[in-house]
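Report on the structure given below.
The values are calculated or read from the model by the stated rules, or taken from the named source; none is laboratory data. Owing to the predicted nature of the structure, the values given are computational and were not obtained by experimental measurement. Cβ sites come from the backbone with ideal geometry, for glycine too, and all protein chains shown count toward neighbours. Side chains are part of the model used for accessible areas, which takes the heavy atoms of the whole protein and leaves out ligands, DNA and RNA. Shrake-Rupley method; radii C 1.70, N 1.55, O 1.52, S 1.80 Å.
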Amino acid sequence: MESNTSPSSPIPIFSTLTSPFESSSKKSDSTRKPLSLWPGMYHSPMTIALWETKSSIFERLLDPPLDAPPQTELLQKTPSQSRMTILYNFSTDYILREQYRDAWNEVRIGKLLEDLDALAGTISVKHCSDDDSTTRPLYLVTASVDKMVLKKPVRVDADLKIAGAVTWVGRSSIEIQLDVTQPAIADAADSVALTANFIFVARDYKTGKAAPVNRLIPETEREKSLYEAAEARNKLRKRKFRDEKREIENGEANRLEALLAEGRIFCDMPALADRDSILLKDTCLENSLICQPQQRNIHGRIFGGFLMHRAFELAFSTAYTFAGMMPSFLEVDNVDFLRPVDVGDFLRFKSCVLYTECESSDRPLIHVEVVAHVTRPELRSSEVSNRFYFTFTVRPEAKAMNNSHRIRKVVPATEEEAHRIIERMDADSL
């Protein structure tokens, strides 16, 4: 049976480090399930809280009965049945605050992205569960993340809440919307700091093929409105994928040529190039890692939130070295999960500034692309596993100290780079 925690009751997040100022008896071992149930997997305050609260669902996923029959009858569920709320007690838990604090006393965005992915994954598992121990569960993977916009800074000295539920389902895909809220400084009422939409796809654990998911019945007017908005986004994604090639063939030649013209000056006559511009290849950074067992999720693959965290840190560094001033995060424009990443994979993250927008000198925009490659040296192969797109500006205090500094325009040196810039500009304008 599941925990008796009500869907509307916030799940408290605790620090994972022992405070030297508190007795260890604060959280009794008798009320917390042993983490040995999930050895070696990626742990954070969020994942620990979720696994302990919904352990009955996760225990089935640890050792799925592959010989059991698949679910034969799809259930009809409401958004309220999958709704979950997470509460970070930053105002009272000093150790938890330190685990999430960045250099500006705000919440670390990379860790927040990890937690959003963990919560969205738990909600998708909850929706797809049929509460029947005789059938094999579905294997759910993150397919993409739609644009998420930071509407205000997320402070680390005030309690934070994340609430989410399934808002739309297709045949084998699920969309989950998460709202991050925090009280305003001068107001006790919560206000939304960030909204994120995650898309998961379901696979049969045995065959690996797409599997149908439980149906969704929206009840309230808001749930119906969210369902319609998600349906429209799904149609837009499909139309964009279908029309992408035709648009480039029919109407992009002039834009392509205009972008490449300035790049050719850099390549052929560098002494005459515009000093306020820079070649895309000169904005690049890269790092790499071997994926370890401690970074895997409950399905044995590398945790998607971990990948987003690493990509964000590289994107932030890229914007910092490009701008010459401390950047400030604004948006996750899009994240694509193209193939799974496994334990032992050699993963390379490559970043660049795709383009900038400097119409507003006080708030220039820096658009950063990060591409993750699974590289296999012994096979001499490299495959793209993820694409991440982030938007930054510069922190106001940094801009005030260096007001004469200008953000440079990025220009492509190759046709492939020009295509990437145009494609991203068009996607961002939607």
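Taking only protein heavy atoms and a 1.4 Å probe, the accessible area of region 45-241 is 53% carbon and sulfur. Here the extension length gained between L75 and Q292 equals 74.4 nm, from 0.36 nm per residue of separation less the Cα-Cα distance.
The charge dipole of region 252-429, taken about its Cα centre with unit charges on the Cβ of Lys, Arg, Asp and Glu (plus for the first two, minus for the last two), comes to roughly 580 debye. Size of region 252-429 from its Cα atoms: along the principal axes, largest to smallest, the extents are 51, 38, 29 Å.
Structure shown: which of K147/K238; K281/K399; K161/K235; K147/K206 lie over 27 Å apart, alpha-carbon to alpha-carbon? Result: K161/K235; K147/K206 exceed 27 Å.
Students often get this wrong: which residues of region 104-122 have the backbone nitrogen under 19 Å from the point 7 angstrom along Cα-to-C-beta of R222? Correct set: 120. Considering all C-alpha pairs of region 45-241, those separated by over 28 Å amount to 31%. Could you please state how large a percent of the accessible area of region 252-429 is carbon and sulfur, counting protein chains only and using a 1.4 Å probe? About 51 percent, which is the carbon plus sulfur part of the accessible surface. In the calculated pair-distance distribution of region 327-430, the portion above 22 angstrom amounts to 42 percent of the Cα-Cα pairs. Rounded to whole numbers, the Karplus 3J(HN,Hα) couplings from phi for region 374-383 are 8, 10, 10, x, 5, 9, 6, 10, 8, 10 Hz, using 6.51 cos²θ - 1.76 cosθ + 1.60 with θ = phi - 60°, and x at Gly and Pro.
Close amide-amide hydrogen proximity is noted between L140 and R203, each under 5 Å apart and 5 or more residues distant or on a separate chain (H modeled in the peptide plane; Pro and chain starts excluded).
Amide H contacts of S277: K409, each under 5 Å away and 5 or more positions distant or on a separate chain (H built 1.01 Å from N in the peptide plane; Pro and chain starts excluded). Ligands, DNA and RNA are left out, and with a 1.4 angstrom probe the accessible area of region 45-241 is 42 Å² per residue. Each peptide in 334-342, 163-171 was scored by the mean count of other Cβ atoms within 10 Å over its residues; highest first, the order is 163-171, 334-342.
A 1.4 Å probe run over the protein chains yields, for region 252-429, 46 Å² of accessible area per residue, whole-number rounding.
Could you tell me the calculated FRET efficiency between R237 and E313, based on Cβ-Cβ distance and R0 = 25 angstrom, to the nearest 0.05?
0.35
Restriction of the trypsin sites (Lys or Arg not before Pro) in region 314-418 to DSSP coil positions whose beta-carbon has at most 10 other beta-carbons within 10 angstrom yields R380.
Taking amide H atoms as placed 1.01 Å from N in the peptide plane, the amide H of V154 lies under 5 Å from those of V107, each 5 or more residues away in sequence or on another chain.
Report note on the peptides 418-424, 290-296: ranked by the mean count of other C-beta atoms within 10 Å, highest first, their order is 418-424, 290-296.
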